[in-house]
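The values are calculated or read from the model by the stated rules, or taken from the named source; none is laboratory data. All values reported here derive from a predicted model rather than from experimental measurement. Glycine also receives a Cβ, built like all others from the backbone with ideal geometry; neighbour counts cover every protein chain displayed. Note: areas computed on protein heavy atoms with side chains; ligands, DNA, RNA excluded. Shrake-Rupley method; radii C 1.70, N 1.55, O 1.52, S 1.80 Å.
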Amino acid sequence: KGMCAGLRVHAFVFSRTSIRERVKTKLLINRREFLQKSSLAASAFATLPTRIWPYSQASVPALDPNSLARFVDPLPILPVAQSSAARPDPTNSAVQIPYYRAAMRKFASKVHRDLPPTRQWGYSSNVPGPLFETRKGSGLLVEWANELPARHFLPIDHHLGGAEIGKPEVRAVVHLHGGKTPAESDGYPESWFVPGKSAICHYPNDQDATLLWYHDHAMGINRLNIYAGLLGLFVIRDSAEDSLNLPSGRYEVSMVIYDRMLKRDGQLDYPVSENSPNPWVPEVFGDAILVNGKLFPYLDVEPRRYRFRLLNGSNGRFYHLSLANGEVLHQIGSDQGLLTAPAPLRDIMIAPGERVDFIIDFADHAGEQIVLQNDAFVVMQFRVSRKKTEDPSSLPSTLTSVPRIPESRAVKTRTLSLDEYEDDAGNSILMLLNKSRWNMPVTENPVLGSTEIWEFINPTDDSHPIHLHLVKFQVLDRRRFEAFAFQTKGEVRFTGPVTAPDANEMGWKDTVRADPKMVTRIIVPFEGYTGRYVWHCHILEHEDNEMMRPYDVIAEP
């Protein structure tokens, strides 16, 4: 699970029996030893039970995905959500806006030609759910209806906050990730609803063209609901993007990549610890990588430019995506819209919750079969036809303007730590943000219309993708520091130079990679709405175990 050797660790597929032993033994420094010597660790362990968290051998799946034939299923093209009616805009009753209804249901579908149908949960009986398409400033309403069974089919840990015994097993609430959304429609983790109930959310879409995504956000079982299939894409378009003449129509392909564990009968398998009353595990890495719900799919393409809009929907896996033939990928956008210029890359790093927007030009590859890979592991195949075709699209050298926010605009700098605690056996048992549990008093209360700098101090061995609801931000820099001094004395001693963001991080973001033993700084304009939102790690197992905190956007005094 550790990241001392860099992000490559998350990109490889480990068997369930080897994740803890191989990575922890070879890569991790002994955090337990110096944490237990500090007063912070002493106070943390005083209130926590001792648990043993190795992966259960009994949960090792019988299916080896590499035993299946590759490239026998076409890549599914996501269905587009259709509005059923129009209703008054909550902010202006004289205006009618589109109304959608999306029901969460249990269903079964084949993830591979040679496997039986897999039981899943999906929005409108699809995994990923239907693609919502809208335009900047065009608001819409979605009724999210919970039509799921009363019992969960994945292992709930009732010791996690929000998932205590007595709460309904099946609960759901939907968050539009990256949306500038009123607090009451943002999907607050405790605003869940049970089967037979629904919630209507208003999405004003008053933001630039970009790829967002929607997913479950129920407290304590978020990781299980998303693993079951509750996720989908949401596209906002605008006239500025239209004018660029990028590949469009059938030459624009939306994709969700995520990993799962499968049993021989094709059913989902979610790992549990050997401590059966407490089945939570710190991370999940599946050995089956799916794209739009299919394992090893292929996509027929023409020898011309294509635009791919891709989400990392995995619970915890980081991807290094590249083409096996070494062809350059031109990244044109990130989480919150277009970059200023295309970034030519041989491989693209993408953390859980992040999105990338990139162009592949197949013009010189007629008749070829090109593999998209995650390091050495096959993800999918592009089959380029031999037939020449006209390509009126373009790849402009300039895409948009993203003025850098000067640090002098920030009215406040917040220093926030990312913390992990272990038991006596060295197993992770608790993750916190700024040493604070979920239900402790709110400590972050930015003023609407102000700009702040948030510094994430990460002394852990993990790279934590940190997501802030409501806002978009810019990455300022990263800098290495001495973790031991910070965890024992609370001192930040820098040990390296300031590192600028990567070229493909220079646009607007809503999720940032806070790398191990680094201080990562972002600058955030708090725009949109007042109310209570959350910020959290987007490794879902971390988020469900307290690595999430509420924050309040308040009105100017």
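Split the accessible area of the chain by element, probe 1.4 Å, and carbon with sulfur accounts for 50%. If you take all other residues with their beta carbon under 15 Å from the beta carbon of F494, and give Lys and Arg +1 and Asp and Glu -1, the sum is +2. Take the Cα of K412, go 7 Å toward its beta carbon, and the backbone nitrogen atoms of the range 440-463 under 12 Å from that spot belong to 442-454. Modelled spin labels at Q82 and I554, positioned 7 Å past Cα toward Cβ, are 4.9 nm from each other.
Pair-distance distribution P(r) for the chain, from all Cα-Cα distances in 10 Å bins starting at 0: 3, 18, 30, 29, 16, 4, 0 percent. Calculated [222 nm] ellipticity per residue, helices only, for the chain: -1500 deg cm²/dmol; basis is -39500 (n - 2.57) per DSSP H run with n ≥ 4, divided by all residues, nearest 500.
In the full protein context, the range 239-390 carries 31 Å² of accessible surface per residue, based on a 1.4 Å probe and ignoring ligands, DNA and RNA. Dipole orientation for the range 243-338: of the candidates P297, N325, S243, S243 has the Cα lying most toward the positive pole (charges on Cβ; Lys, Arg +1; Asp, Glu -1). Charging the Cβ of each Asp and Glu at -1 and of each Lys and Arg at +1, and nothing else, the dipole of the range 54-183 about its Cα centre rounds to 240 debye.
With both labels modelled 7 Å from their Cα along Cα-to-Cβ, the R119 to E133 distance reads 3.5 nm. Over the range 355-479, what is the relative contact order in percent, taking alpha-carbon pairs closer than 8 angstrom and at least six residues apart? For the range 355-479, the relative contact order is 20 percent.
Beyond a 28 Å Cα-Cα separation, which of these cross-linked pairs lie in this structure: K167/K412; K106/K167; K263/K472?
Pairs exceeding 28 Å: K167/K412; K263/K472.
Once C-alpha pairs closer than 8 Å and six or more residues apart are averaged by separation and normalised to the residue number of the chain, the relative contact order reads 16 percent. Compared with the direct C-alpha span, the chain from T443 to R346 gains 30.8 nm at full extension, assuming 0.36 nm per residue.
What does DSSP give for the chain in terms of the percent of beta bridges that are antiparallel, rounded to the nearest 5? Taking every DSSP beta bridge within the chain, about 75 percent pair in antiparallel fashion. Taking K and R as +1 and D and E as -1, what net charge do the other residues with C-beta under 10 Å from the C-beta of A145 add up to? Surrounding charge for A145 is +1.
With each label modelled as a point 7 angstrom along the Cα→C-beta vector, the A103-D89 pair spans 3.1 nm. In terms of the Cα gyration tensor, with a ≥ b ≥ c the square roots of its eigenvalues, is the range 466-505 rounded because a/c is under 1.5, prolate because a/b exceeds b/c, or oblate? Oblate. Under a model in which nothing but the beta-carbon of Lys, Arg (+1) and Asp, Glu (-1) is charged, the chain shows a dipole of about 600 debye around its Cα centre.
Quick one: net charge around K435, please, counting Lys, Arg +1 and Asp, Glu -1 for every other residue with C-beta under 14 Å from its C-beta.
Residues close to K435 contribute a combined charge of -1.
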